[in-house]
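In what follows, a single structure is set out as C-alpha cells and then discussed.
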Amino acid sequence: MSGIRVKIKGECIPQYQSELAAGCDLHACLAQSMVIQPREYCTIPTGISVEIPGGYEGQVRPRSGLAAEYGIGVLNAPGTIDADYRGEIKVILFNFGHKPFVVSNGDRIAQLVFNKIERASFEVVDSLERTERHGGGFGHTGR
C-alpha cells in the first residue's frame with residue numbers, strides 16, 4: 001500500500017500497528033512521567049516534527065483503547081496539523097475518567113491520520129436554496 005511521503009524529524013517515529021490501519025501511533029516524548037488528574041488536561045510533546053506535502057493535512061485523533069479503558073481523549077479532536085507547520089507535534093490529552101492517568105515516555109498517546117484537503121472559494125449571496133431540513137440541527141430528527 002502506498003501513500004504520501006511525509007518528511008519527519010525526531011526520534012520516536014510513528015508506526016502503523018496493522019497492515020490496513022488508517023492512523024499511525026504518536027508517542028509521548030517525556031523526560032519524566034506526567035499525571036493527568038480527572039477532568040484536567042495536559043499538553044504532551046511527541047518529540048517529532050513533520051513536513052506534510054501541500055494539499056494534505058495531518059489529523060491527531062484519540063486512541064480508542066485509551067478512551068475505552070481509561071477515559072482518555074484528545075481535547076481538540078481531531079487536531080489539525082497544517083502542511084506549512086514545522087513545529088513539534090504536541091497532543092492535548094484530556095482525562096474524562098475518574099482516576100488520575102499517568103503518561104510515561106514512549107507511551108502511545110494518540111494516532112495521526114493524513115487526509116487530502118480541498119480548499120473552498122466563497123461566493124457571497126443574499127439567500128441560500130431551501131431544503132427539507134433547512135435550518136434544523138442539533139437532534140432535529142429525534143432519537
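Read the figures in this text as sums done on the coordinates, not as results from a lab. Remember, predicted model here, so these are calculated numbers, not experimental data. FYI the Cβ positions are ideal-geometry reconstructions off the backbone, even for glycines, and counts take in every protein chain you see.
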Quick one: which of Ile81, Ile72 is over 24 Å from Glu11 (Cα atoms), buried (at least 17 other Cβ atoms within 10 Å of the Cβ) and touching a strand residue (DSSP E or B) at 6+ places or on another chain (Cβ under 7 Å)?
Ile72
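Yes/no matrix, rows are residues, columns are (1) out of contact with any Phe, Trp or Tyr (no Cβ under 9 Å at 6 or more places or on another chain); (2) of a type outside the set (S, T, N, Q); (3) farther than 23 Å from Leu30 by Cβ:
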site	(1), (2), (3)
Thr46	yes, no, no
Val50	no, yes, no
Val74	no, yes, no
Leu93	no, yes, no
Ser104	yes, no, no
Ile117	no, yes, yes
Glu129	yes, yes, yes
His134	yes, yes, yes
When the range 46-66 is examined, which residues are found to be surrounded by fewer than 16 Cβ atoms within 10 Å (Cβ to Cβ) and either in contact with a strand residue (DSSP E or B) (Cβ under 6 Å, 6 or more places away or on another chain) or in contact (Cβ under 8 Å) with a residue 24 or more places away in the chain (or both)?
Ser49, Glu51, Pro53, Gly54, Gly55
How many residues does the range 50-62 hold that are more than 11 Å from Leu112 (Cβ to Cβ) and under 13 Å from the mean Cα position of the chain (by Cα)?
1
Give Val103, Val6, Val74 a once-over and let me know the one that is within 28 Å of Arg119 (Cα to Cα), of a type in the set (A, V, I, L, M, F, W, C) and out of contact with any Pro (no Cβ under 6 Å at 6 or more places or on another chain).
Val6
In the range 22-62, residue farthest from Lys7 (Cα to Cα) [restricted to those that are assigned to a strand (DSSP E or B) and among the small types (Gly, Ala, Ser)]
Gly58
The range 90-128, residues that are without any contact (Cβ under 8 Å) to a residue 40 or more places away in the chain and of a type in the set (A, V, I, L, M)
Ala120, Val124, Val125, Leu128
In a loop (DSSP other than H, G, I, E, B) and either under 18 Å from Arg39 (Cα atoms) or touching a residue at least 12 places away in the same chain (Cβ under 8 Å) (or both): does that describe Gly87?
yes
If we scan the range 70-81, do we find a residue that is in a helix (DSSP H, G or I) and within 15 Å of the chain's Cα centre (by Cα)?
no
